[in-house]
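Quick notes on the structure that follows.
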Amino acid sequence: MSTPPRAVTPAEEGLAAKPTSLWTDTRRNILRQRVAQVGLLLLGLLLAIAVAAPLLATSNPDAAVGVDEGLMAPGAPPELRGPCIHLLGCPASRPQHFFGIDRNGRDEYSRVVFGSRVSLLVGLATVGFAIVIGTLLGSIAGYAGGWLDNVIMRLMDVLLAFPSLILAIAMVTVLGPGLVNAALAIGIVAIPVYARVMRASVLSIKERDFVVASRALGESARGILMRRILPNALTPLIVVGTLGIAGAILDVAALSFLGLGAQPPLAEWGSMIGQDRNYLIAFPYLIITPGIALSLSVLGFNLLGDGLRDALDPRLNR
Amino acid sequence: MLRFILRRLLLTIPVLFGIVFVVFALARVLPGDPCVAALQERATPEACALFNARYGLDQPIPVQFVIYLGDLSHGDLGNSISQGRPVSEILIERLPVTIELTLFALTLATILGITLGVISASRRNSAVDVGTMVGANLGVSTPVFVLGLILIWIFAVVLKNTPIVLPPGGRLTAGVSIVPLAESWGMTGQHGALRSLVDFVSNMYVVHSLITGQWGVLGDAVRHLILPAVALGTIPLSIIARMTRSSLLDVLGQDYIRTARAKGLGERGVILRHGLRNAILPVVTVIGLSLGGLLAGAVLTESIFGLSGIGKMITDGVTGRDYAVVQGLTLVTAVIYVTVNLVVDISYGFLDPRIRLQ
C-alpha cells in the first residue's frame, strides 16, 4: 500500500505485457481504490486492536475498578464516572479512564477494546459457517440439478422470505439466548444467500470445456466440484461474504442489544449499549463509544466488500 | 398482463406454504420441551399432560401440522401464554403502530433517497455526490439502535431548550389523548371483522387523527414519529440513494440519452423523463427488499423509543418464552414481506412492458 503504482508505458500495456494472475490483478485493483483503501485501513486497525487488546486495555474489562477506586461510592459526584484523560487536563488526582466507567464500575475503554475481539470473531465465524453450509447446498443443487436442486432451492427461497433478523429472533427464542445461539441463528438465516451465489456459479461453470474434459478423464463428481468448479466460483463468494460479515456483525450486535445474544459480563458492543442504554442522558459516551466502534467495524467490511466487488468485476478492468 | 399477475400469484403459494411449515417446524424440531418452556418450574408431568392435550401437542406431528393449518385458515394464531388472550387480538393492537412507523420511514427513505441519488448521478464527482456517497456508506454501517440512541441524545437532551427539540419516545405527549374510533362511532358492543378493522385503523394515530380531523393530535403524533422514522429509515435511505445513483449513471451512459441531448432536450428532461424512468426498476426492487430490514429494524426502533408495536410484542414474547406470540409474529411479518415483494414484482409489469412478455 505504501509504494505508489508505477507508471505503465503504452508499450507495456500491449502484447508485451506479462500476463498477470487474477489475484495480482485484484490486489492491484483493490489498492487503487480509495474506498477499499479506507476499508482495509479500518479493518487493519480493528484486527490490530483485537490482537493487541490485552496490551491496549488499561484494566481488566470485567473488573469493577471504579468501585475499588471509590468512584461509585454513595455520595460521590456522578461526574467522577465520566471520561478522564490526564493528558487532556484531567487532574492527576483522579484515576484515569479514557471513556469513563460503566454502570458496574468497569473501565469502558477497556471493554470497547476487548469488544473488538468478540465482534470480529463472531462476524467471521457466522459467515464462515453460512458459507460452508451454503456452498455445500448450492453446489449440490447446481451440480446435481433435477429434484434435488428443486428441493434445496425452494427451501432456500422460503428462508429468504423471512425478514432475517426476525427469523433469527424466533430461533433464539427456541434455542435460548446466548452469543453462540445468536451467531448460529444469524448464520442459518444467511445460508440461502451463499447457496444461491454458489449455485449460480456452478451452473455457469459446469458445462465449460475444462470441466467436461475432467469428467471425460474420469474425475469423480467430488473432485470436479472441489478442484475444478469451487476455485472458479470463489470470486462472487468472497465479495458476498465480505459484505455478509458486516451484516452478521450488525445482526449479532442487534440480538445482543435486545439481550438475546452475548450475556453479561462479556464485553460485546451491542450488549454494552443495551445494558447501559438507560444511562444515555447522564453518560452518553457509554452508548457513543461502543456505537462508533461498532459502526466503524461494519463500515470497514462494507467498504472492503464494495472495493472487492469493483476490483473483481472484469467489466471494470481497464 | 392478467396472465403475468396470475403466474406470480401461483408462484407465491408454495413459498407461503413453506413459511407456515418453517414457523411450525421451528417450534417442534428444535430442542426443548414446549411445555417446560412455557410452564417453567410449574411443569409437573400432570400439568404437562394437560398442557399438551390442550394445545394438541399429544398428537402425531403431521396431525399437529394439519391442526395448525386449520387454525390459521380462520385467523387463529394461537393464544399468548403470558397474556392469556389470542395472539391475533394482540396483533390488531400492535401491528398498526409498526405499520405506521415503517411506512413513515419507508416514505422518508424513498423520497430522500431517490432525490439524493438523482442529484449525485447528475453531478457526478461533485461535492454533493461525494458527500452523499460518504453519508450513504456511514448510513448503511450504523446500527439502528446506535443511531436511534444518538438521535435521542441530540434532539431530546442536547437541544433540549431549543425550538427543534423532539420527544425521545412514546406516541403522544402526556395530556394529549385520542379517543378510540370504536368508542366515538358507538361500536363498543360489536365484535368481528369490522370491529377489528376499525380498531386497527384507530391504532394508527396519524391516520386516525386525519380521519377525525384532530389536527393537534396529528401534529403531536407526527412529531413523535420523526426521530424513530429517521433512525429506522437511514439504512434503506442509504441503499436507495446508492442504487438510484448507480442505476441512473448506467442509463445516462446509453445512446438514447445522447440522442435526447442531441435533439436539444433540457438536462432536467433528459435525466428525469428519459433517465430516471429507465433507471427506476432496480430502485423499486431495493425498496421492496428493504421492507424486510425495516420490519426487523422496527423491533429495535420500538424498543428504543418505547413504542408498543410488534417489536415490543416480540421482545416480550421472547423474554416470557411465549412461543405462540413469537411464532405468530414471525409468520405475519414474513407474509407481509412476501406480499409486498409480490406487489413489487407485479409492479414491474406496469413499469417495464418487456417483463410482462417474458
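The values are calculated or read from the model by the stated rules, or taken from the named source; none is laboratory data. As the structure is a prediction and not an experimental result, all values here were calculated from the model. Note that we place each Cβ from the backbone using ideal geometry, even for glycine, and neighbour counts take in every protein chain shown.
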task: Considering each residue of region A:135-179, count those that are more than 30 Å from A:Ala267 (Cα to Cα) and in contact (Cβ under 8 Å) with a residue 40 or more places away in the chain, and give that number.
output: 11
query: Would you call B:Ser303 surrounded by fewer than 19 Cβ atoms within 10 Å (Cβ to Cβ) and either under 19 Å from A:Leu260 (Cα atoms) or away from chain A (no Cβ under 11 Å) (or both)?
result: no
query: Restricting the search to region A:144-178, which residues are more than 13 Å from chain B (Cβ to nearest Cβ) and crowded, with 21+ Cβ neighbours inside 10 Å?
result: none
task: Keeping to region A:275-289, report how many residues are assigned to a helix (DSSP H, G or I) and within 8 Å of another protein chain (Cβ to nearest Cβ).
output: 3
- request: Output the number of the condition that B:Ile314 fails; it satisfies all remaining conditions of (1) in a helix (DSSP H, G or I); (2) touching a residue at least 40 places away in the same chain (Cβ under 8 Å).
  value: (2)
message: If B:Gly309 satisfies all but one of (1) under 30 Å from B:Leu10 (Cα atoms); (2) out of contact with any strand residue (DSSP E or B) (no Cβ under 7 Å at 6 or more places or on another chain); (3) touching a residue at least 12 places away in the same chain (Cβ under 8 Å), what's the number of the condition it fails?
response: (1)
- prompt: Can you tell me which residues in region B:239-255 are exposed (fewer than 13 other Cβ atoms within 10 Å of the Cβ) and assigned to a helix (DSSP H, G or I)?
  reply: B:Asp255
query: Restricting attention to region A:31-82, which residues are in contact with a Leu (Cβ under 6 Å, 6 or more places away or on another chain), small (Gly, Ala, Ser) and not in a helix (DSSP H, G or I)?
result: none
field: So B:Arg42, is it closer than 22 Å to B:Leu307 by Cα, exposed (fewer than 13 other Cβ atoms within 10 Å of the Cβ) and not acidic (Asp, Glu)
entry: no
message: Of everything in region B:139-166, what is touching a residue at least 12 places away in the same chain (Cβ under 8 Å), at the interface with chain A (Cβ under 9 Å from one of its Cβ atoms), within 14 Å of A:Gly291 (Cβ to Cβ) and in a helix (DSSP H, G or I)? Give them in sequence order.
response: B:Val144, B:Phe145, B:Leu147, B:Leu149, B:Ile152
- prompt: Would it be correct to say that B:Leu276 is crowded, with 23+ Cβ neighbours inside 10 Å, over 23 Å from B:Phe200 (Cβ atoms) and at pLDDT 85 or above?
  reply: no
message: Just to check your reading of the model, which residue among A:Arg228, A:Arg199, A:Arg208, A:Arg222 is at pLDDT 90 or above, over 23 Å from B:Val318 (Cβ atoms) and of a type in the set (Lys, Arg)?
response: A:Arg199
Residue, surrounded by the fewest Cβ atoms within 10 Å (Cβ to Cβ), within region B:317-358, restricted to residues that are basic (Lys, Arg) and in a helix (DSSP H, G or I): B:Arg354
- prompt: Can you name every residue in region B:177-203 that is outside any helix (DSSP H, G or I) and surrounded by fewer than 17 Cβ atoms within 10 Å (Cβ to Cβ)?
  reply: B:Ser177, B:Val179, B:Pro180, B:Trp185, B:Gly186, B:Met187, B:Thr188, B:Gly189, B:Gln190, B:His191, B:Gly192
- prompt: Any residue in region A:74-92 that is touching a Cys at 6+ places or on another chain (Cβ under 7 Å) and modelled with pLDDT under 90?
  reply: yes
statement: Those residues of region A:226-272 that are assigned to a helix (DSSP H, G or I) and under 16 Å from the mean Cα position of the chain (by Cα) come to a total of 22
- request: Scan region A:102-115 residue by residue and report those that are of a type outside the set (Lys, Arg) and modelled with pLDDT of 85 or more.
  value: A:Asp102, A:Asp107, A:Glu108, A:Tyr109, A:Ser110, A:Val112, A:Val113, A:Phe114, A:Gly115
query: Does region A:294-313 include one or more residues that are in a helix (DSSP H, G or I), modelled with pLDDT of 90 or more, β-branched (Val, Ile, Thr) and surrounded by fewer than 23 Cβ atoms within 10 Å (Cβ to Cβ)?
result: no
query: Restricting attention to region A:201-220, does a residue exist that is more than 27 Å from A:Val174 (Cβ to Cβ), surrounded by fewer than 24 Cβ atoms within 10 Å (Cβ to Cβ), under 22 Å from the mean Cα position of the chain (by Cα) and without any contact (Cβ under 8 Å) to a residue 24 or more places away in the chain?
result: no
Residue count, region B:309-354 (criterion: small (Gly, Ala, Ser), within 11 Å of chain A (Cβ to nearest Cβ) and over 21 Å from B:Val22 (Cα atoms)): 1
- prompt: From B:Gly75, B:Gly135, B:Gly113, which residue is of a type outside the set (A, V, I, L, M, F, W, C), loosely packed, with under 13 Cβ neighbours inside 10 Å and in contact (Cβ under 8 Å) with a residue 12 or more places away in the chain?
  reply: B:Gly75
